[in-house]
Number of protein chains: 2
Amino acid sequence: MVKSSFIVSTAVATLASLASAQTFQRLGTCPTLGCILPPDQQDFLAGQYFDIRLEVHAPVNGSEATDGKPDEGFTFSIGKVGGKAQSAAEFFGVAEPELETWDFSWYEDLFAVDAETPSVVNVASKAYRRVALYEPGEYEATLSYNGTTTVASWLVRDLSEVRKAKNVLLFIGDGMTTNMITAARLIGHKSVNGRYQSLMAMDQFPTLGHQMTHSIDSFITDSANSATALYTGHKSTVNALGVYADSSEDPFDDPKVETIAELFHRIHGGHIGIVSTAYLADATPAALTAHTRDRGEYGAVVDSFIHGIVNYTWTDWSGPDVLFGGGAEQFCPPSLGGETYMNLNYYNVFTDAGYQLAQDNTSLSELSDSERALGVFSISNMAKWVDRNVYTKNVQGNEDAPNCSGGDADNQPGLKDMTLKAIDILQNRATADDDAGWFLMSEAASIDKMMHVLDYDRALGELLELDDTIKAAMARLEELGELENTQIVVTADHGHGFDVFGSADTKYMNAHKNPRVKRNSIGVYQESGLSQYINTGDLTYGESNFPSNWDPRYTLAQGFGANPDHRENYQIHKDGPRVPAVNISGFDEDDFFVNPEDAKSGFIINGTLPTSADQGVHSLTDVPVFAMGPCQELFGGVYSSIDIFYNIATCLGLSRTSASGEDPNNYDKGYGGKFHYHHYTEQSPKYGPPAKK
Amino acid sequence: MVKSSFIVSTAVATLASLASAQTFQRLGTCPTLGCILPPDQQDFLAGQYFDIRLEVHAPVNGSEATDGKPDEGFTFSIGKVGGKAQSAAEFFGVAEPELETWDFSWYEDLFAVDAETPSVVNVASKAYRRVALYEPGEYEATLSYNGTTTVASWLVRDLSEVRKAKNVLLFIGDGMTTNMITAARLIGHKSVNGRYQSLMAMDQFPTLGHQMTHSIDSFITDSANSATALYTGHKSTVNALGVYADSSEDPFDDPKVETIAELFHRIHGGHIGIVSTAYLADATPAALTAHTRDRGEYGAVVDSFIHGIVNYTWTDWSGPDVLFGGGAEQFCPPSLGGETYMNLNYYNVFTDAGYQLAQDNTSLSELSDSERALGVFSISNMAKWVDRNVYTKNVQGNEDAPNCSGGDADNQPGLKDMTLKAIDILQNRATADDDAGWFLMSEAASIDKMMHVLDYDRALGELLELDDTIKAAMARLEELGELENTQIVVTADHGHGFDVFGSADTKYMNAHKNPRVKRNSIGVYQESGLSQYINTGDLTYGESNFPSNWDPRYTLAQGFGANPDHRENYQIHKDGPRVPAVNISGFDEDDFFVNPEDAKSGFIINGTLPTSADQGVHSLTDVPVFAMGPCQELFGGVYSSIDIFYNIATCLGLSRTSASGEDPNNYDKGYGGKFHYHHYTEQSPKYGPPAKK
């Protein structure tokens, strides 16, 4: 979750930046006063649709003050490096867009926030909609204004158009780091004299890589712009889904980039599945079809799942084959307490379009594999593995039934149930559709959500559930004869600065009152000992690897460098997900202190985050990428998050070096049977069709 | 650095464990009362020398109390699985060892420490010295005592004997994690709109893996047993170098395992180089030649560099070609304030054996490439990159000259200087020695040492220096025509739970007094902004990538979950390495509080570690492995730390499946020219020679 306490009046100040500014930026992608979006140094898939936004800024006051009159006569040209530059309208064969103007304000730093002295910027702008670059190579885009220029270098990657994978299964462990995988292995797998007797499924993948997760204009990312990078090959700004963030007030007019789901559907008629344990409008599922600067536009996000983009000409989209997760509050109409786009009942919207509906684990299992399916299993985020399987009373009494009846969602599926059913439906439908192939994104969302609230046990439970899901999915693909045709990628979208540093003797901690003595219960190095979570309790899960005891005497001593005020006793929170910090009545509502009800037997640790934070935050670390199947060799080593997109796209044969050449009868039959490819039907363009370059 | 506050009288209590114990263990590798070392589940390189220690425990009191009389008539047999078991003496063709007896005591938990009620254990024991297993496959070793048995399964790995690499260059970033590499990249490399304009050298290695670092009997490791795993293929106990830890009082009688340096020297006459920025007796350099349970036996460690093992028959060893680092206090005799083994002047010991001596960067550069060389450049650990290059006054006035004269070591080389000179000497000498090849271990020790004291800036400076050294070493190998013949591996021995979670506006922090307001200077997510360390200052370093400004207004907000009490202002410590916590007079000497002199403009954070800790500790996380050159394909994916040893050993062709077959004229000429191999001259065995199996 992303909090921002410094929004000012007319527009989105937190999106903006002075060249020398840091905490706040006028517009992060625009250090000068002339802005091109996509900005300098961006990569493109050949034939990928995108919009262009140009802005000329004229600051009225502040350290960059001008006369406040942006040059409305700015011009914009584009050309291949070494070739002839043309006006963009000519280059793309479109009409010149109309001029737009607006203003926004932002704070130059924290002193300006305290002094309430915003800086105001007047803007002149144009936007080119749904264009594409086909010919691989370097391009130069030039914005000329006020006698000066801003130049953006763009690179269309030269990728093979040969399809090598029939299907793609992308697992995202939200917020999952190598450190967390190490900890999950320790509590879920037995070790004898330094040798693990079993390993995580992801440990056994043949290829390992690291991806750099930073956003385009800040080094810490959120899940919206990181998902955008993974799905589109374009890094963006915090909170942005499938767009580059501009400075206008409208969160739906930012320049878009086409996603892997849209591309695969458009070019090959690929079948799409979306599965998450979060509410479905959350960033990671949302970024497959939504295009908005503001991930908080939840209603519009859910609408985009079935209708795609309707305010501008874009690619055709009529919904995924599978959409499973939580978040009934964006499906139930206001009459049932929901908050939906246009006040619609989105259950009806989906079923009217022919979707089957499941609202619990039983009805999920009964879905036909032949028809499209929507599954919404709870209000908000779904129940956690630990609560569904160990402390089961916690799924009672929450009044979170997905039909918004006020009942309990006490029969929720897990990530494994949802993912296996999604594979069955996708496989069945794609096979019937001339073997078009499928793309499934399956997200373990609450690794992140539980790490945010410092609930390490639940987070690691979610991670083990993800791993169990990977193992089960591979077995199902093997049964279906699709394992070797399917590119499987397991990765994360960002980290949290988590690690384990020892063990805690909870008996000793709980027996003492002095906080300094409690700290002496921590055992480090040789005194960390061995994991007491495994094979010391009564819990067993068949072939799956989870702790046999979640509440041993000796627990993991673990945590973050970034915390709100909180208290630690390093013991599982048996009554449900943790709430580490709360507002204590009498203080400002954004001033959080230790929750007096949390971890009562522990010792207090004062926070390192702004006091407006009631939970932890994301971190910088590169995150791991595990790959198996077609094109696995592309995923080794260290690279940018955007490379995940290009690796998947080239393996699916989605690069198109000419607009007329979109006949992809180049599938490598070595990976599957006979395929017929669906061709995109050109829509009548609003701002002009993608031109062949 | 490892601290232990709970040592009891007669022996090493912290080495020991009750089956159910955790903080303390009777003997971590021995949950029953019959102990075999190497224990169950250990792997071996075919032909690798090792010792065997057997112990029968008879607890006198405590939860495992017996009659206190260990079965002195215990027997020990060994056989291949599926074959016939023989007594060990028969199996190895050696005389039956003599019986040894002793006792030791340990505490079962923290309550027992407080109550001062140790548990005492009587022990009967035998040790078989310098044996080897040659035939690949599974073995079963059985200790029979008191009518019961302890069984150990051992695996001799079936590895190719074909040599594929001529040289090995092993870089160890002590304590280096993926998180730290990400942070170092951020402060040392420029990024434009989300695309790095340059990358770390290690980022560009073709193969990436993760190694699991845990020790054999605790999940958090120190640098001694982790180095043992990397160099011998055998995980061990905290503080142990090249041995399995037994329970006897003598730290030099524990069962040994042969190291990669000893093997390469013995089998191929390979030339060995050891370089570290630590004092040379520190664990990571020490573990190449030392064999002791106690890494604190510094004098003996330094003696082992040149004399090898002298108390038991072992492999011959007469010193490495190159030994460069700090730690003059173990070289200068007591008359000059040193503390040396047998009170010797170790400078004389080395020069008498024909070593050249360098004691500063100038004399280092003047060393001949033809003769062996010792370089000792400071008392204790060497100066940090930041102090040598930015805050240079900090290398003055430390009275740390390596000749123990009381002068300053103000002309110290860096890791790059030492490593390049080491390569030149090794290459020159190995070439002259019929192209025998070389193995160089180069350690960036103070990544760890500076992370321990929460001095993030200096730690990241050391990491960037390591990366700069890797880049320079690759260039040198290319010049020498050896790049393609050299296996280069970059890894770490363990982690620290470090990460970056945002930026800090130090101007705002320093301007406010209220600690809660100071915390509001932290910018997270979009407010983290971009790195201000690069291209915002005046510092430049030619082709090397380091920050251009170490003291920007907007710094990294970073840290650990495991801390002593301390204060944070997220600003560089300009007066030298940080001291976060101190003992305040009037309190127990092991009770540490915030250092009142440290980070005065910051806010206080109370610790999460035992109050006896004055610094941070190691963490659980898997650490990265970057590999390039011969056998690089072995290093992908996730594996145990011991696999690094097996990958290097097999690439050097060190596996020997018969004692008589030690003629390794099987070098793959594709990687080099003509080689003649040195053969090990059999020593007269004390406990019996390795038998052919």
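Numbers at a glance
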{"item": "Extreme residue, least open to solvent (accessible area, probe 1.4 Å), among residues of segment A:463-507 that are part of a loop (DSSP other than H, G, I, E, B) and away from chain B (no Cβ under 14 Å)", "result": "A:E482"}
{"item": "Residue that is surrounded by fewer than 20 Cβ atoms within 10 Å (Cβ to Cβ) and more than 16 Å from A:E568 (Cα to Cα), where the choices are A:D433, A:D448", "result": "A:D433"}
{"item": "Test: residue in segment A:360-367 that is touching a residue at least 24 places away in the same chain (Cβ under 8 Å), over 16 Å from A:D417 (Cβ atoms) and β-branched (V, I, T)", "result": "no"}
{"item": "Residue within segment A:383-397 that is over 26 Å from the mean Cα position of the chain (by Cα) and under 15 Å from A:F324 (Cα atoms) present", "result": "no"}
{"item": "Segments classed as strands (runs of 3 or more DSSP E), wholly inside segment B:113-214, with at least 3 members that are under 29 Å from B:S442 (Cα atoms) and not assigned by TED's automatic domain parsing to the domain that holds B:E96", "result": "B:167-173, B:207-212"}
{"item": "Residue match in segment B:164-181 (condition: surrounded by fewer than 24 Cβ atoms within 10 Å (Cβ to Cβ), more than 14 Å from chain A (Cβ to nearest Cβ) and aliphatic (A, V, I, L, M))", "result": "yes"}
{"item": "Segment A:508-535: number of residues that are over 24 Å from A:S191 (Cα atoms) and more than 7 Å from every other protein chain (Cβ to nearest Cβ)", "result": "9"}
{"item": "Filtered residues of segment B:213-247 (kept if of a type in the set (A, V, I, L, M) and more than 7 Å from chain A (Cβ to nearest Cβ))", "result": "B:A224, B:A227, B:A229, B:L230, B:A240, B:L241, B:V243, B:A245"}
{"item": "Which numbered condition A:E443 misses (of (1) in contact with an Asp or Glu (Cβ under 8 Å, 6 or more places away or on another chain); (2) farther than 15 Å from A:T182 by Cα; (3) of a type outside the set (G, A, S); (4) assigned to a helix (DSSP H, G or I))", "result": "(4)"}
{"item": "Selected residue (only one of B:Q330, B:Q359 is open to solvent by 50 Å² or more (accessible area, probe 1.4 Å) and at pLDDT 95 or above)", "result": "B:Q359"}
{"item": "Residue within segment A:113-128 that is open to solvent by 10 Å² or more (accessible area, probe 1.4 Å), in contact with a strand residue (DSSP E or B) (Cβ under 8 Å, 6 or more places away or on another chain), under 30 Å from A:R266 (Cβ atoms) and of a type in the set (S, T, N, Q) present", "result": "no"}
{"item": "Top-ranked residue of segment B:195-204 - restricted to ones that are open to solvent by 10 Å² or more (accessible area, probe 1.4 Å) and at the interface with chain A (Cβ under 8 Å from one of its Cβ atoms), ranked as farthest from the chain's Cα centre (by Cα)", "result": "B:R195"}
{"item": "Sole exception among (1) within 17 Å of A:A649 (Cβ to Cβ); (2) aromatic (F, W, Y); (3) under 20 Å from the mean Cα position of the chain (by Cα) for A:W154, by number", "result": "(3)"}
{"item": "Subset of segment B:536-563 [within 12 Å of another protein chain (Cβ to nearest Cβ) and either on the phi > 0 side of the Ramachandran plot or part of a strand (DSSP E or B) (or both)]", "result": "B:Y554, B:T555, B:L556, B:A557, B:Q558, B:G559, B:F560"}
{"item": "Only listed residue being open to solvent by 60 Å² or more (accessible area, probe 1.4 Å) and either closer than 30 Å to A:K574 by Cα or of a type outside the set (F, W, Y) (or both), chosen from A:N389, A:N345, A:N381, A:N394", "result": "A:N389"}
{"item": "Failed item, numbered, when A:R157 is tested on (1) more than 12 Å from every other protein chain (Cβ to nearest Cβ); (2) open to solvent by less than 40 Å² (accessible area, probe 1.4 Å)", "result": "(2)"}
{"item": "Residues of segment B:159-202 satisfying the condition of being of a type outside the set (K, R) and without any contact (Cβ under 8 Å) to a residue 60 or more places away in the chain", "result": "B:V192, B:N193, B:G194, B:Y196, B:Q197, B:L199"}
{"item": "Selection within segment B:564-616 - over 19 Å from A:F501 (Cβ atoms), within 13 Å of chain A (Cβ to nearest Cβ) and part of a strand (DSSP E or B)", "result": "B:R567, B:F593, B:V594, B:F603, B:I604"}
{"item": "Residues of segment B:264-279 classified as of a type in the set (D, E, K, R) and under 28 Å from B:M382 (Cα atoms), total", "result": "0"}
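The values are calculated or read from the model by the stated rules, or taken from the named source; none is laboratory data. This one's a predicted model, so the numbers in the text were calculated from it and none came from an experiment. Cβ coordinates were reconstructed from backbone atoms using ideal geometry, including for glycine residues, and neighbour counts include every protein chain displayed. When the accessible area is computed, the model is the full protein with side chains, heavy atoms only, and any ligands, DNA or RNA have been set aside. Shrake-Rupley method; radii C 1.70, N 1.55, O 1.52, S 1.80 Å.
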